[in-house]
Amino acid sequence: MKYISSSTSPQNQSTTMKSSKQRKLTTNKHSQKRRLMGWGKLVTSGLFLQLLLMASPSWGQEEKDKYTYSELLNDIDAGKVTQVEIDPRLQKATVTLENQEKTEEVPLFKQNPELIDRLKANDVKIDYNPSPDNSAMVRLMLQIPIIFLILIIVIAIVRRSANMSGQAMSFSKSRAKFQMEPKTGISFTDVAGIDEAKEELQEVVTFLKESEKFTAIGAKIPKGVLLIGPPGTGKTLLAKAVAGEAGVPFFSISGSEFVEMFVGVGASRVRDLFKKAKENAPCLIFIDEIDAVGRQRGVGYGGGNDEREQTLNQLLTEMDGFEGNTGIIVVAATNRPDVLDKALMRPGRFDRQVMVDYPDLKGRQGILEVHARDKKVDEEVSLEAIARRTPGFTGADLSNLLNEAAIFTARRRKEAITMEEINDAIDRVVAGMEGTPLVDSKSKRLIAYHEIGHALVATVITGHDPVEKVTLIPRGQAKGLTWFTPDEDSGLVTRNQLLARIAGLLGGRAAEEVIFGEDEVTTGAGNDIEKVTYLARQMVTRFGMSELGLLALEEDEQDNYAAFDEIATQIDTQINVIVEKCHQKAQTIIRENRAMVDRLVDILIDQETIEGDEFRQLLEKYKEPVDSAGPELCKSV
Ligand code: ADP
Ligand code: MG
Ligand code: ZN
């Protein structure tokens, strides 16, 4: 507003514009923003003025004017003119004639020496009165929106390219989106139930605390640790505890903050983050939800995302860039390790991976203890009993549970949390969880038999990988799981090993059949059967391990349908033979160890998890005298 009305000539106006435009390009983002807002006002006020001008009656006045220059000169000479107002901008004179109300308007030339001379000669009053130039202003105003638009585009381009070439630091620095906590105030005693992860990270604490010790002997300190685990299991907490234990600052940023940004901003944030971290070394950098940036490059929605890739590349560059001994350790967290770009796991990057899993019974009890510390809990409340009732709960769920209970207690105006509040809180938390945890005792028992079936058959039979862990803690789709430690150098697999694997896979279903009867078997074995079929088919069609002999019977060679049909039938028969034999074997093992199976199931239901070594010890302890299962399996098929 002010800007328009204060200018007196078109030349002035355009130069002001130009210089402010130049300034705009060189100024920083903040003032750019302010200026843009100013421009917005300018445009609206410009448009407003324009409307006013159009509506004003003086518009288009020139046409009706017939008073000429020569007439004016004559009138001056004749002494009829009393006053002349000269407007140099519009190049016109407003003439006041003697005895006349109305003034006349006369177009002038650029220079009017003759007129001035005559006016002086005739002693006419001259007013020099430059008026605002409507037409020039209107033209200008029409241009402003266009100029404004161009400016926006130019700014966008400049900003983008500046960011890309790394000159944007001064722009975005003040808006850096990472957090820094000089002291997290969290120690390992605040973290429970994930002891293995804690142990592994204990080492990281030592690296941060006493990095000189390692550098003195030339040892390279690892740079990156990847925490893998479902949400709420305590990954963030653990990272904070590491920083807390080591007494170093905690820098954190979330991968999800990088997405949906202008190209280059994520990368510049990563750069800022590492720069700040280096200034504060030793320190810990925590990157949460790294999968949001660390997804495999070139895949995903719409075939890749520039911004994400740039951010990831910047992250990789930074991690490669700093020496292992600068005292910076990067801890990242994800619950989707499967989608991560392999480049992230290379040596010198996140080469250490730590699993942070659902807590087991003891773990849950430990977590409850941690969170009960600062709450008033009635003596009658047994944390162990709560832990027993909450399989599948994460640390976050448990913390939430106790908090809900505390809220109930306060609302009921009680002194301390009692079992009543705990029960209500469990109901509430369970209702808010996805997937119901395994509290139903009947299906829990069935699943326990199924898993023990796998573990027992696999352990009794020769040639099977050792059991690592049997667990009833649900994970994803599976309600229970039996893990095996794969043989280290299993390049070649024998026929006996394959048969043992098939029998082990059928152990779950076999246990269901033996214990609950054929009619009570469940869909829980679906996945097992799929794997069994695949293995058995491979034995027949690829490895020459059936009566069909040493033939590679690739099924996609379908030139001859008749022959293929016949072979296909034979293949199926052979697969059946193998699977049935293994099935029989598995059933036999379960039957012969029936009493032991029951005991193991009780233990599993009680503990939820049995580690491999413990499982083998229990087997030894409860071993029954009859033990015919064993190495002759291979001969029987
Ligand atoms: P994640 O980062 O794995 O999603 P968080 O670390 O954010 O999980 O956990 C959220 C909250 O849940 C923590 O602040 C803490 O109160 C509680 N919590 C989670 N896991 C644990 C644990 N293992 N021990 C104690 N508290 C835990
Ligand atoms: Mg977290
Ligand atoms: Zn199974």
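Read-outs: derived from the displayed coordinates by stated rules, not from any lab. What you see is a predicted model, and the numbers here were worked out from it, not measured in a lab. Glycine also receives a Cβ, built like all others from the backbone with ideal geometry; neighbour counts cover every protein chain displayed.
Table for the structure above
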quantity	calculated
Relative packing of peptides 66-72, 363-369, 605-611, 110-116 - highest average C-beta neighbours within 10 Å first	363-369, 605-611, 66-72, 110-116
Förster radius 22 Å - calculated FRET efficiency between residue 369 and residue 411, Cβ distance, rounded to 0.05	0.35
Where labels lie 7 Å past Cα in the beta-carbon direction, separation of residue 520 and residue 114 in nm	12.4 nm
Computed P(r) (all Cα pairs; region 177-355; 10 Å bins; percent)	10, 40, 37, 12, 1
Calculated FRET efficiency for the pair residue 216/residue 584, C-beta based, R₀ 45 Å, to 0.05	0.10
Distance (nanometres) between label positions extended 7 Å along Cα→Cβ at residue 313 and residue 492	4.6 nm
Interchain or long-range residues, amide H under 5 Å from residue 377's placed H	417
Overall Cα dimensions of region 69-128 - principal axes, largest extent first, Å	28, 23, 19
Gain on full stretching of the segment that runs from residue 71 to residue 403 - 0.36 nm per residue minus C-alpha separation	109.8 nm
Separation of the residue 622 and residue 148 label points, Cα + 7 Å toward Cβ, nm	8.1 nm
Flagged links, alpha-carbon separation over 22 Å, of 183/278; 66/110; 223/469; 581/621	223/469; 581/621
Efficiency of FRET from Cβ geometry, residue 139 and residue 99, R₀ 35 Å, rounded to 0.05	0.35
Gain on full stretching of the segment that runs from residue 602 to residue 180 - 0.36 nm per residue minus C-alpha separation	147.1 nm
Burial order of peptide ranges 388-395, 84-91 (average beta-carbon count within 10 Å, highest first)	388-395, 84-91
